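Peer 1: Got a structure here, written out as structure tokens. Questions coming.
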Amino acid sequence: MQRKSVRELLPGIAMLTALAAGVTGLAGCTGGSGTGTANDDKPGGNVPAPAQPGKYRSLPAPCKAVDAKRLKALLPAADSLPPAERDQLYAGAAAASYDGDRRVGCRWTAQSAEETRLLSVGFERVVSYDRATASDDDKARQVFVRQLTDAKLPFPGPVPTPTAPTGTPAANPAPTPSPTPPAANPAPPGSPAPGSPSSPAGPTPGASPTELGSRVLTGLGNEAFLDDKLSAAGATAAQTRTVRIVFRTSNVIVTVEYSVQPALPGTVPPSTETQDRARQLAADLVERLNE
């Protein structure tokens, strides 16, 4: 009887032992899970938020971006040009583009008996594909700096000319000219003064026109530069002046290119006038983008 009772108790003892082991295992799993949750931070939890996208999400229609009055001033049409051809001239020709939200452009050509003028405008919207490391504006600035370097212009910009502080005399002040005593026998009205040339002062014949040259510009978008090139003189072909202005505003880069080629050899398009016309157009486009 005693031996039989022990046999009957053995299954119960085994069951209690198994239950106790299961409870211990559950307690161990619960503790392990809590420890893992406390130390298992989510990947990228401390990574800063990505940069905001650029200001511009689209681009203007390039052939309509230039004001009609400005366009006619830049490209005067011949009086003999028929109305239909005049309208076609000012309508422009859009550049081929595979993505109108990323890169667009337009080109105009005006020919007359005196000269040929070409104008083109281009818009590029720069997008950063990894805004965790660079914003759209940062990528656009990299593109602008690369073009500035290709134009062989200084970076980041022009160095201002030092000026003497207010109230401080210059290092080498110019001498004050002494008054000239009146002549004993004044010359008749209209005759040249003694020692002066017989003809009135004016441009020296054959003197080269003023060349403003290429340079970094200020006050045009976020940053800008101007590239002025004059083709080589030829015996039968006139020199062509091409002024290219590139400026950046936020994540959009705009390129303006304006060329003037006179019909007569030996005629040089003036640097000042050509650059002024291109700069006025560029200023208009800055306002157009800010509308």
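Just so it is clear, none of the values below were taken in a lab; they were calculated from the coordinates. What you are looking at is a predicted structure, and each value in this text was computed from that prediction instead of being measured. Note: ideal-geometry Cβ built from the backbone for every residue, glycine included; neighbour counts use all protein chains shown.
Peer 1: Relative to the present Cα-Cα distance, how much length would full extension add between GLN147 and VAL216 at 0.36 nm per residue of separation?
Peer 2: Details: separation 69, 0.36 × 69 = 24.84 nm, distance 1.19 nm.
Extending this stretch completely gives an extra 23.7 nm.
Peer 1: Follow-up question, since we're still on this one. Report, in whole Å, the centroid distance computed from the Cα atoms of the range 50-117 and the range 203-280.
Peer 2: Spelled out, the Cα-based centre of one part sits 18 Å from the other.
Peer 1: Would you mind computing, in nm to one decimal, how far apart the modelled labels at ASP99 and GLU114 are, each placed 7 Å from Cα along Cα→Cβ?
Peer 2: Rounded to a tenth, the inter-label distance reads 4.4 nm.
Peer 1: Please compute the modelled spin-label separation between VAL286 and ASP87, points set 7 Å along Cα→Cβ, answer in nm with one decimal.
Peer 2: Calculated label separation equals 3.6 nm.
Peer 1: Right, another one. Quantify how much of the Cα-Cα distance distribution of the range 85-136 extends past 16 Å, in percent. Don't jump to the answer; show the numbers that get you there.
Peer 2: Working: 765 of 1326 pairs.
In whole percent, the share of Cα-Cα pairs in the range 85-136 beyond 16 Å is 58.
Peer 1: Still on this structure, I have one more. Per-residue counts of other Cβ atoms within 10 Å, averaged by peptide: what ranking do you get for 80-92, 220-232, highest first?
Peer 2: Numbers: 80-92: 12.6, 220-232: 17.7.
Ranking the peptides 80-92, 220-232 by packing returns 220-232, 80-92.
Peer 1: Of LYS64/LYS139; LYS69/LYS152; LYS69/LYS229; LYS72/LYS229, which pairs sit farther than 29 Å apart, going by alpha carbon to alpha carbon?
Peer 2: Working: LYS64/LYS139 27 Å; LYS69/LYS152 34 Å; LYS69/LYS229 26 Å; LYS72/LYS229 23 Å.
Those over the limit are LYS69/LYS152.
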